[in-house]
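Inspection log for the structure reproduced underneath, given as structure tokens.
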Amino acid sequence: MRNNKGKITRRTFIKTSSAVGVGVALNKLWTFGGPPEKTGPRFSGSLKMRTLGRTGLKVTELSFGGIQIGESALLDEAIDKGINLIHTSQGYGRGRSIQEFGKVMKTKRDKVYLCLKSMPEMDRVEKALKNLNTDTIDILVPGMHDVDTITRPGLEEGFERLKKDGKIRFSGFACHKNEVDVMRKAIALGFFDVMLVRYNLDNKDKLDEVLADAKEKQNMGFMAMKVVKELNEKKKYDRIPDAIRETIRNPNVDSLLIGMANFDELRMNLAALSV
């Protein structure tokens, strides 16, 4: 099942995720419409799940951000509690994050969708895959914080090359500046499957219109980040659960990507969205 380096091969991963594979294949039949919704909520553990736009992936409303992770046990616990969408980058924690993720991926790769912040360049992605003990990234989200960056030549070709080689499954971008302009340009470009955007109670009103446009025109998956960052920094912890619940009320938001540094934060975030 696994090779002698403890990595899950692409063949094994696809075999163990056959249901997902069927969903992705069927997604080609729907032009940005996504798969039909079943009646009633779906759950992973105590968390509700939503469809991540045109990817067809069923993801938990809460996803795990690894920028602050200090030990692999925290990610282990998050996955055991039902979180099935996780995110890291080579640069997080000066390389510590991706190493801790790699430890967990040796045994739990088939339980999650893996999102990586990286430019769509073969050498960068291959290095990350090696560190993560896998050979496929589900969603690649390079940082795109202005219109010049998101329109750089060769970007779409880079994504397509990685998809063709089986290194990634879906293309996306991460943005926490100039969000409206970048989102509108991404809609016009048309080759992004997923957006990971700074979205919280302070800026949601100015983003909701363009987000609705992204869903209507491209059925792009939407992951909200920095949802409670400022509340954490100001130590307004008592306001975090309500902020989380209020942010996920928007049906166009598919998952809240929240960075977690310890077990207390994990438990608080889970409690806010658990049913």
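Give the order of Arg50, Arg152, Arg94 when sorted by the count of other beta carbons within 10 angstrom, beginning with the fewest. It would help to have the intermediate numbers written out before the result.
Values: Arg50 21, Arg152 12, Arg94 7.
With the fewest neighbours first, Arg50, Arg152, Arg94 line up as Arg94, Arg152, Arg50.
Considering only C-alpha atoms, what is the centroid distance from the stretch 71-140 to the stretch 195-262, in Å?
The stretch 71-140 and the stretch 195-262 have Cα centres spaced 22 Å from each other.
Would you mind telling me which residue in Pro251, Pro120, Pro142 has the biggest mean-square fluctuation in a Gaussian network model of the chain, where springs connect alpha carbons within a distance under 10 angstrom?
It is Pro251.
Among Arg161, Arg239, Arg169, which one moves the most in a GNM of the chain with springs linking Cα atoms closer than 10 Å?
Highest fluctuation among the options: Arg239.
Checking a compactness column here: for the stretch 200-275, what do you get for Rg(Cα) / (2.2 N^0.38 Å), N being the number of residues?
1.14
Suppose only helical runs count, i.e. DSSP H with n ≥ 4. What mean residue ellipticity at 222 nm does that imply for the chain under -39500 (n - 2.57) per run, divided by all residues and rounded to the nearest 500 deg cm²/dmol? Before the final figure, lay out the partial values.
On the way: 12 runs with 114 residues, N = 275.
The helix contribution divided over the chain gives -12000 deg cm²/dmol.
Evaluate the distance, in nm, between pseudo-label points positioned 7 Å from the Cα of Arg96 and of Ser72 along their respective Cα→Cβ axes.
1.6 nm
By the gyration tensor of its Cα atoms, with a ≥ b ≥ c the square roots of the eigenvalues, what is the shape of the chain: rounded for a/c under 1.5, prolate for a/b over b/c, or oblate? Write down the numbers at each step before the final one.
On the way: a/c = 1.27, a/b = 1.05, b/c = 1.20.
Here the chain falls in the rounded category.
Here, each number is a calculation from the coordinates, and none is a lab measurement. Note that this is a predicted model, so its numbers are computed, not measured. Note: ideal-geometry Cβ built from the backbone for every residue, glycine included; neighbour counts use all protein chains shown.
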